[in-house]
Ligand SMILES: [Fe+2]
Ligand SMILES: [Fe+2]
């Protein structure tokens, strides 16, 4: 059984992941609106990944006999100043998520809950990749100063990103 505290925090993390899906969808919409559909694709894939992160927690809570409590999803950022601004926000966002995963892991360790600990390890590793990718993409955006023909090249590159639906559980 999950402790009440871990059950609550896992539900909160599930909500964070759904919120992340919203944030990335909002970023995708921004890029579509400025005709960079390839970069929009990059954020659609990111949004799908976040949906998967949320659903993995959804099934885990149920498997542990806990209660899935869906909460209201906050409104994401809808005003972006520039392509560079979006990538800066995306990296900041991933850093915040890493912090919340770490906090959750601290609690699992404190409670000696080995199942939650083992489950969360996947997220700890995933966040290393998420931050690395967000950092690299921001770095590329900075190289081209977030404008000009370089944007079209990145648009091409990011149009290639794909998502294959993994099994949720
Ligand atoms: Fe995530
Ligand atoms: Fe993420």
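Read-outs throughout are calculated quantities, based only on the coordinates presented, and are distinct from any laboratory measurement. All values reported here derive from a predicted model rather than from experimental measurement. Please note: Cβ atoms are built from the backbone with ideal geometry, for glycine as well, and neighbour counts cover all protein chains shown.
Quick rundown of the values:
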quantity: Nearest 10 degrees, 0 to 90: helix 149-158 Cα axis against the chain principal axis; calculated: 40
quantity: Between the range 47-79 and the range 1-27, the Cα center-to-center distance that results, in Å; calculated: 5
quantity: Residues 94, 131, sorted so that the one with the fewest Cβ neighbours within 10 Å comes first; calculated: 131, 94
quantity: Nearest-0.05 FRET efficiency for residue 72 and residue 110, computed from C-beta distance (R0 22 Å); calculated: 0.20
quantity: Residue-averaged 222 nm ellipticity for the chain, from DSSP H runs of 4+ at -39500 (n - 2.57), nearest 500; calculated: -26000 deg cm²/dmol
quantity: Degrees between helix 37-63 axis and first principal axis of the chain (Cα, 0 to 90, nearest 10); calculated: 0
quantity: Estimated inter-spin distance, residue 143 and residue 99, nm [label 7 Å along Cα→Cβ]; calculated: 3.0
quantity: Computed over the chain: relative contact order in percent, which uses C-alpha pairs under 8 Å that are six or more apart; calculated: 33
quantity: Cα long-axis angle, helix 114-143 against the chain (0 to 90 degrees, to the nearest 10); calculated: 10
